1. Each residue of the range A:186-196 in turn: what ³J(HN,Hα) in whole Hz from Karplus with 6.51, -1.76, 1.60 and θ = phi - 60°, glycine and Pro shown as x?
2. I'd like the chymotrypsin sites (Phe, Trp or Tyr not before Pro) in the range B:122-184 restricted to DSSP loop residues with at most 13 other Cβ atoms within 10 Å, sorted by number.
3. Using +1 on the beta carbon of Lys and Arg, -1 on that of Asp and Glu, and nothing else charged, what's the dipole of the range A:2-221 about the Cα centre, debye to 20?
4. Work out which residues of the range B:91-121 lose at minimum 50 square angstrom of accessible surface when the other protein chains are put back, relative to the chain isolated, with a 1.4 angstrom probe, and list them by number.
5. Over 21 Å apart: what share of the alpha carbon pairs of the range A:77-145 falls there, rounded to a whole percent?
6. How long are the three semi-axes of the equivalent ellipsoid of the range A:2-221, in whole Å, if each is the root of 5 times an eigenvalue of the C-alpha gyration tensor, listed from largest down?
7. Once you keep just the Cα pairs under 8 angstrom separated by 6 or more residues, what percentage relative contact order results for the range A:19-148?
8. Name the residues of the range B:159-185, by number, that are at least 10 Å² less accessible with every protein chain in place than in the isolated chain; the surface is that of heavy atoms, probe 1.4 Å, without ligands or nucleic acids.
Amino acid sequence: MREVLLVAAKDLRIESRSRVLLFQVAPFAVATLVLLGFALDADRSALRHFSPGLFWVAVLLTALLAAQRSVAVEHAGRAADALLLSATSPARIFAGKALALAAQLAALELLMGVAMVVLYDARVEHFGLAVASAAAATVGIAAAGTLYGVLAAPMGVRETLLPVLLLPVFAPVLIGATRAFGDALGTAAVNGWAWFGLLGLFALVYAVFGALAYGPLLEAEA
Amino acid sequence: MSILLGRSPDRRPPEAAPAHTGSRTTRILGALTLAGLVGLGLCAFIFSPPDSRPGPEAGTRIGQFDAVRLMYVHLPAAIWTYVALGTCAMASAVYLWRRSAWWDRLAHACAEIGVVLCAVTLITGMIWGRPVWGTWWEWGDVRVVTTLVLFLVYAGYLAMRSVPAAPEARARRASILGLGGAVLIPIVNRSVEWWENRTLHQQSTLEELRIEDLTLFTLVLGILVMGLLSLWLAVHRFRVAWLEAEAESAGLEAALAERRAEAGAGAEGSSP
């Protein structure tokens, strides 16, 4: 666990020093929410009704940038080689990087949640469900993003290849999180906790698959 | 396996590589496939009747009419999509275990066939859906949507394979993708049973045998012919992948020999 936290702390320290998340990714997230508002003609009732879907589309687009960034820091100055030489197991490296990405996404979702309340007039009716489903979705997105990020990273076409690989994989998260948030925000008459279960299953599958697959992928890079 | 190459291409010397992808076996397979396609065309478009039965009101008839003929391609393409992509996942898993390029090339060939068949499934489904369901695309149908996601996942797999990279590294990344995407196959296949109230698709046609006579015969013939066609395409695609690897290797060796010759000539020219 200590090694996992060390890897996560390393990534978060890099972000806190570079300020890329704060000055580039966060404005992108808010700008996406604003543009989606324009797309619905700034109709307040429509925006409130569709706010769960718009929010999660914006989160997934933002997650693409964050996942690319998470991999890019390992490729700058061949930091990935140093990480491999540290003798930390690939599964722990994966867990640490996914944890750091999840923490960054959680911060971005908090900011975007506030923006959603302000811009879309969204009202949270079941706070516990909203937080639980956001947490499960975030873990799933972070695990899949970390895994697919390293798949696309070394090929010289990361910016174009990663969305092609990752967006279809995110489809279950978008469906599940939108339904769960629909219940939490009172915009859809569905059982949000059932969709929370799907999000949890997705997170579990990608966390386990990522931990197992990360070793062969790092070997391929070395 | 012997139909693909007889033995692993990696153990064959470069000079043993064939100049083309055909063989006696594939020519027989191709002839059978062609005959099957002709038979299927005759059964589907001429001999089998349109789907039509008396409606609730006197003098009216209901059914899929001539649109049912698309099912003789749609359903077989869907079944062989599962087989091709399932084989891709299996070959990817074996590649990660054995690290043999043979399995990587099999996974690649099956993924390409699977993506093409999945596209055929989606396109024929959309054309069929317009007259029967009244829409090209039904977002509420979970099988339609999950099939599209399956197509996009494996289209991404092919996109990644098309990026130039070291063969070993590319094979390893592709095998992870091929294996990960297979999670969707049982979801697509079982979606009609798992989400009964969120689909317009009927449940398994063959298991319950709700269709009869020539319609059933044509459907089974379609499945057999699509299987032959998929196998014929997969064998040729596998051999093309093998020849590509051989050509890449030969090109690299030729370039190295050329550089060595240049270096040798330069050293001789500079000596007193």
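1. Running phi through 6.51 cos²θ - 1.76 cosθ + 1.60 with θ = phi - 60° gives x, 9, 9, 8, 10, 8, x, 5, 5, 6, 4 Hz.
2. The qualifying sites are B:TRP136, B:TRP139.
3. Values: 14 positive and 14 negative charges, 70 e Å.
Magnitude of the dipole: close to 340 debye.
4. none
5. For the range A:77-145, the fraction of Cα-Cα distances above 21 Å is 42 percent.
6. For the range A:2-221, the semi-axes come out at 31, 18, 15 Å.
7. 38 percent
8. Residues shielded by partner chains are B:ALA159, B:MET160, B:VAL163, B:ALA169, B:ARG172, B:ARG173, B:ILE176, B:LEU177, B:LEU179, B:GLY180, B:VAL183.
The values are calculated or read from the model by the stated rules, or taken from the named source; none is laboratory data. Source: prediction; values computed, not measured. Every residue, glycine as well, gets a Cβ built from its backbone with ideal geometry; the counts of neighbours run over all protein chains shown. Surface accessibility is based on the protein's heavy atoms, side chains included, excluding ligands, DNA and RNA. Shrake-Rupley method; radii C 1.70, N 1.55, O 1.52, S 1.80 Å.
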